[in-house]
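Before any comments, here is the structure.
Each value in this text was obtained by applying a stated rule to the coordinates, not by laboratory testing. These numbers were taken from a predicted model, which means no experiment stands behind them. Neighbour counts run over all protein chains shown; Cβ positions are idealised from the backbone, glycine included.
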Amino acid sequence: MSIYKCPHCGKKSFNPWTKAMTGQLNSKGRPCMECGRLCVNGKGATIFKALYCLAAFAVIIYIYIHGADNEWMFTHEAPMVIGLILSMFIVPRVVNAFFFSLAPSIRIDTKE
Ligand SMILES: [Zn+2]
């Protein structure tokens, strides 16, 4: 089963790029190009993102606490933190592009 299939109509209407740009379960979702109904990245992607953000956040705290331990940490603290924060936005999108299946959006749309 392709992960780029629309959960509503079953057509392969997503590609890695559009899937990456599609939000998680708690977002509004992206309309399928075939049937126009909203799709989101499913439970697996949502859990992965939550865990990844938690892990990255833990590392940021760790870096922050140990930021003045030695000269290397002191000079690399800011770029590491910035990199981690950026990765919180980038990594889940990259993972969404290639893993986890799509799910129907559960958010109630005013149009329906
Ligand atoms: Zn569809």
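Per DSSP H run of at least 4 residues, take -39500 (n - 2.57); add these up for the chain, divide by its residues and hand me the 222 nm value, nearest 500 deg cm²/dmol.
Mean residue ellipticity at 222 nm (helix-derived): -17500 deg cm²/dmol.
So what are the ³J(HN,Hα) numbers for the stretch 78-85, from phi and the Karplus equation (6.51, -1.76, 1.60; θ = phi - 60°), rounded to whole Hz, Gly and Pro as x?
Computed from phi, the couplings for the stretch 78-85 are 4, x, 5, 5, 4, x, 5, 5 Hz.
What distance in nm separates the simple spin-label points at residue 51 and residue 18, each placed 7 Å from Cα in the Cβ direction?
2.9 nm
Residue farthest toward the positive end of the dipole of the chain, with Cβ of Lys/Arg at +1 and Asp/Glu at -1: which of 35, 98, 21?
My answer, from the dipole projection, is 35.
Want the number for residue 74 to residue 99: 0.36 nm per residue separation, take away the alpha-carbon distance, what's left?
Length gained, residue 74 through residue 99: 5.4 nm.
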